[in-house]
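Attaching a single structure in structure tokens format; questions to follow.
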Amino acid sequence: WDNADFSRGVGTTFYQEFSTLNTAKPPFVRDVEAKVRRYLRSSYSAAWTLKITWEKAPVHAARMDTRKTITYQAVLTTDGFRSYILMLYQDRGMQWDYTRLTSTNVLIGYT
């Protein structure tokens with residue numbers, strides 16, 4: 001996430017919070033719960049979820065090329081005891097040319 005550059009006015013970031021403790025769950029949260037259950041083979045009921053979207057984010061530094069952008073999301077969710085993150089990328093994955101970055105040990109995801 002640290003290699004996106006919004007300084008040229010290209011792209012945007014937005015978020016949506018879902019507090020679902022003792023409330024009806026919207027379809028998005030039900031889908032997140034289903035993914036956690038399926039991928040981790042675990043029972044899971046979300047109490048809180050945060051969806052962050054980076055839309056048409058240009059690579060750092062944008063002065064090099066603002067035409068190659070990427071849209072991706074991070075979805076953080078917790079039941080109050082366990083927490084999970086889903087990282088979602090547009091079709092065909094990360095489109096930035098990593099060979100033009102200042103550091104070439106590029107990681108998609110987190111450690």
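So which residues in the stretch 11-28 are part of a loop (DSSP other than H, G, I, E, B), modelled with pLDDT of 80 or more and in contact with a strand residue (DSSP E or B) (Cβ under 9 Å, 6 or more places away or on another chain)?
G11, T20, K25, P26
Restricting to the stretch 34-44, and then to whatever is surrounded by fewer than 16 Cβ atoms within 10 Å (Cβ to Cβ) and among the hydrophobic types (A, V, I, L, M, F, W, C), can you tell me which residue is farthest from R82 (Cα to Cα)?
Only one residue fits best here, namely A34.
Right, here's the next one. Condition check: at pLDDT below 90, in contact with a Ser or Thr (Cβ under 7 Å, 6 or more places away or on another chain) and basic (K, R). Does R63 satisfy that?
No.
In the stretch 45-59, is there at least one residue being at pLDDT below 80, outside any helix (DSSP H, G or I) and more than 15 Å from R82 (Cβ to Cβ)?
For the stretch 45-59, residues at pLDDT below 80, outside any helix (DSSP H, G or I) and more than 15 Å from R82 (Cβ to Cβ): present.
Okay, moving on. Might you let me know whether the stretch 90-102 holds any residue that is in contact with a helix residue (DSSP H, G or I) (Cβ under 9 Å, 6 or more places away or on another chain), at pLDDT 65 or above and under 19 Å from F14 (Cα atoms)?
no
The values are calculated or read from the model by the stated rules, or taken from the named source; none is laboratory data. These numbers come from a predicted model, not from an experiment. Here Cβ is always computed from backbone atoms with ideal geometry, including for glycine, and neighbour counts include all displayed protein chains.
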